[in-house]
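Here the structure is laid out as structure tokens; the discussion comes afterwards.
The values are calculated or read from the model by the stated rules, or taken from the named source; none is laboratory data. All values reported here derive from a predicted model rather than from experimental measurement. In this analysis, Cβ positions are derived from the backbone assuming ideal geometry, glycine residues included, and neighbour counts consider all displayed protein chains.
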Amino acid sequence: MEKSDFKRLHNEFKQVLAKIKQYDRIICFRHVIPDYDAFGSQMGMYTWIKDNFPNKDVRYPGETNRSFVPSLFPEPEVVDEEWINRGPFLAIVTDTATTARISASVIDKADYVIKIDHHPNVDPYGNLNIVYDHIVAASQIVALFALSRSRKYVLSSKAAYYLYAGMVGDSGRFLYPDTDGATLRVAADLIDTGFDLQDFYDRMYAKTLKDVEVRKYVLNNTKITPGGTAYYTLTDEDCKRMDILPGEGKIYVNEFRGVEGIYATVSTTEDAQAGVWRVSLRSNRKKVNGVASKYRGGGHEGASGATLESLDELPQLLADLDAVPLDR
Ligand code: AMP
């Protein structure tokens, strides 16, 4: 992080606190098909608000994700029409680049929207947009907010645990680019709140024999393009046979990362219910988000998502990815 980031954040965080104080009813949102950072930033923000303003009515709706719920995060809440229409509320949306990726479509009913994100700001949908696309996790921004409040506010070990989960998830255990000194300092402060770090890692990296079987299948069925893109495809039938959900097909996308001669990795999973193919693109050597945005997606330079209407589009996507020049 740069010095100028902290100056800007200082101002933005003052506004966040003022808005939290102003509204008695608050919704914390995360993006669809939630990952660690989506859950972590949402639940970290929710928990911080409840810890410090117990009388406020704060909600955390969204899709669930059986890989993380209930061992790391609680089931999301259902927020009904009656709640939405009862009166003005503040929406705090974390880790979500575009309105299309917000879990519930109630955002336009919110009185005031705060966007806290670390994706390129292609859709500044907030009344206040706190967006730093070179910060490794949205949870790091929420953690900075919580850590930089005055002593009269608490950061509980529960809130810290959620935020740490988001940071570990999106940084690949502090491995991916954009991990920097600030990331580690924030992580250290979160650990110092006293949650059980070993228990956290046991839960986060718990594996089942089923995981091993799917990984085996993915390793055996990964193909490599002439330009060094490793890719695998899971059909609806594959997912059913191996008992995985469409959102879980991407879990193995990093298996070939770092292998000599591999410059990008791609997972493609059929989502029969939505009638599309979900694609995840990853690279530590080239920018993948340009290709993702060509195929109804977007994301970070090194990690993006896209959607194919038909598998016939995959060869062109792979050719496009092969054609992206190497950064290093
Ligand atoms: P995924 O492969 O779905 O895990 O996505 C990788 C990263 O790209 C995550 O940070 C997502 O939030 C982001 N992403 C995925 N799809 C989109 C999209 N349609 N627009 C913007 N960002 C996206």
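The set of residues in region 284-297 that are under 16 Å from H134 (Cα atoms), at pLDDT 95 or above and not charged (D, E, K, R) comprises V288, N289. Just one of the listed residues (L326, L281, L317) is more than 14 Å from P246 (Cβ to Cβ) and in a strand (DSSP E or B), namely L281. Here Y295 fulfils each of the conditions (1) touching an Asp or Glu at 6+ places or on another chain (Cβ under 8 Å); (2) surrounded by fewer than 14 Cβ atoms within 10 Å (Cβ to Cβ) apart from (2).
Conditions (1) near the ligand (Cβ under 7 Å from one of its atoms); (2) in a loop (DSSP other than H, G, I, E, B); (3) not assigned by TED's automatic domain parsing to the domain that holds T98, marked per residue:
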position: I251; (1), (2), (3): no, no, yes
position: F256; (1), (2), (3): no, yes, yes
position: G261; (1), (2), (3): no, yes, yes
position: E270; (1), (2), (3): no, no, yes
position: A274; (1), (2), (3): no, yes, yes
position: R285; (1), (2), (3): no, yes, yes
position: A292; (1), (2), (3): yes, no, yes
position: R296; (1), (2), (3): yes, yes, yes
position: G305; (1), (2), (3): yes, no, yes
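Confirm whether R282 is under 20 Å from the mean Cα position of the chain (by Cα), surrounded by fewer than 19 Cβ atoms within 10 Å (Cβ to Cβ) and among the basic types (K, R). When the stated conditions are applied, R282 does not pass them. For region 223-233, state whether one or more residues are within 24 Å of the chain's Cα centre (by Cα), buried (at least 22 other Cβ atoms within 10 Å of the Cβ), within 14 Å of the ligand (Cβ to nearest atom) and not assigned by TED's automatic domain parsing to the domain that holds V32. Scanning region 223-233 turns up at least one residue that is within 24 Å of the chain's Cα centre (by Cα), buried (at least 22 other Cβ atoms within 10 Å of the Cβ), within 14 Å of the ligand (Cβ to nearest atom) and not assigned by TED's automatic domain parsing to the domain that holds V32. The listed residues are M1, M43, and the only one of them that is in contact (Cβ under 8 Å) with a residue 24 or more places away in the chain and under 30 Å from I244 (Cβ atoms) turns out to be M43.
State the number of residues belonging to region 242-271 that are basic (K, R) and surrounded by fewer than 21 Cβ atoms within 10 Å (Cβ to Cβ). The number of residues fulfilling the criteria is 1. Screening V154 with (1) at pLDDT 95 or above; (2) assigned to a loop (DSSP other than H, G, I, E, B); (3) surrounded by 15 or more Cβ atoms within 10 Å (Cβ to Cβ) gives one miss only, at (3). The sole residue among D189, D238, D202 that is in contact (Cβ under 8 Å) with a residue 40 or more places away in the chain, part of a helix (DSSP H, G or I), away from the ligand (no atom under 16 Å from the Cβ) and not small (G, A, S) is D189.
Here region 122-138 is the region considered, the condition is being within 13 Å of the ligand (Cβ to nearest atom) and surrounded by fewer than 17 Cβ atoms within 10 Å (Cβ to Cβ), and the residue that is farthest from the chain's Cα centre (by Cα) is V122.
Looking only at region 211-221, decide whether some residue is surrounded by fewer than 16 Cβ atoms within 10 Å (Cβ to Cβ), of a type outside the set (K, R) and in a loop (DSSP other than H, G, I, E, B). So far as region 211-221 goes, no, none of its residues is surrounded by fewer than 16 Cβ atoms within 10 Å (Cβ to Cβ), of a type outside the set (K, R) and in a loop (DSSP other than H, G, I, E, B).
Among the candidates A159, A110, A165, A143, single out the residue that is surrounded by 22 or more Cβ atoms within 10 Å (Cβ to Cβ), more than 19 Å from the chain's Cα centre (by Cα) and not β-branched (V, I, T).
Numbers: A159 fails: more than 19 Å from the chain's Cα centre (by Cα); A165 fails: more than 19 Å from the chain's Cα centre (by Cα); A143 fails: more than 19 Å from the chain's Cα centre (by Cα).
Of the residues listed, the single one that is surrounded by 22 or more Cβ atoms within 10 Å (Cβ to Cβ), more than 19 Å from the chain's Cα centre (by Cα) and not β-branched (V, I, T) is A110.
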